[in-house]
Amino acid sequence: MALFEIGAAATATLNLGLVLLIVPALAEWAKVRKASEKAYAWIAAGGVSFVLAATFGASGALAQFAGSAASSGWLLFDGLGFVLVLVGALMALYNSVSA
């Protein structure tokens, strides 16, 4: 039995977090990041939160010892990541429309 096994939900959360960490680099490459620097910082923070949620979503022997704490941490950082990305995306949209 492995100490850390990542299930399907945690894998999807980890993939989402890694993609959100790439978004500011792609915005810099597309030359749209200057208009809304703070918005992309919020999106990157959401990506870090999703990666942290995926670590809490690890199952296996660790989940047996810290069962409720692991599920609570996953829900907390998943929700926090959603809010951070939502605020960042809305800020980027507002700044791109108003500029």
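The values are calculated or read from the model by the stated rules, or taken from the named source; none is laboratory data. This is a predicted model, so every value here is computed, not measured. Don't worry about glycine lacking a Cβ; one is built from the backbone with ideal geometry, like all the others, and counts go over all protein chains shown.
Pairs under 6 Å by beta carbon, first residue closer than 18 Å to A8 by Cα in the stretch 65-80, partner at pLDDT 65 or above and not polar (S, T, N, Q), six or more apart or different chains?
Once the first residue is closer than 18 Å to A8 by Cα and sits in the stretch 65-80, its partners that are at pLDDT 65 or above and not polar (S, T, N, Q) give A70/F56; G73/F56; W74/A53; W74/F56; W74/G57; F77/L52; F77/A53; D78/A53.
Test S68 against the stated conditions and say whether it is at pLDDT below 80 and assigned to a helix (DSSP H, G or I). Steps first, please.
On the way: at pLDDT below 80: yes; assigned to a helix (DSSP H, G or I): yes.
Criteria met by S68.
Taking the stretch 17-52, which residues are within 19 Å of S72 (Cα to Cα) and either touching a residue at least 60 places away in the same chain (Cβ under 8 Å) or in contact with a Gly (Cβ under 6 Å, 6 or more places away or on another chain) (or both)? Please lay out each step first, then the result.
In the first step, residues of the stretch 17-52 are kept if they are within 19 Å of S72 (Cα to Cα); the result is 17, 46-52.
G17, G46, G47, S49, F50, V51 - these are the residues of the stretch 17-52 that are within 19 Å of S72 (Cα to Cα) and either touching a residue at least 60 places away in the same chain (Cβ under 8 Å) or in contact with a Gly (Cβ under 6 Å, 6 or more places away or on another chain) (or both).
Given the condition more than 15 Å from F82 (Cα to Cα), modelled with pLDDT of 85 or more and among the charged types (D, E, K, R), answer yes or no: does some residue in the stretch 1-24 qualify?
No, there is no match, as no residue in the stretch 1-24 is more than 15 Å from F82 (Cα to Cα), modelled with pLDDT of 85 or more and among the charged types (D, E, K, R).
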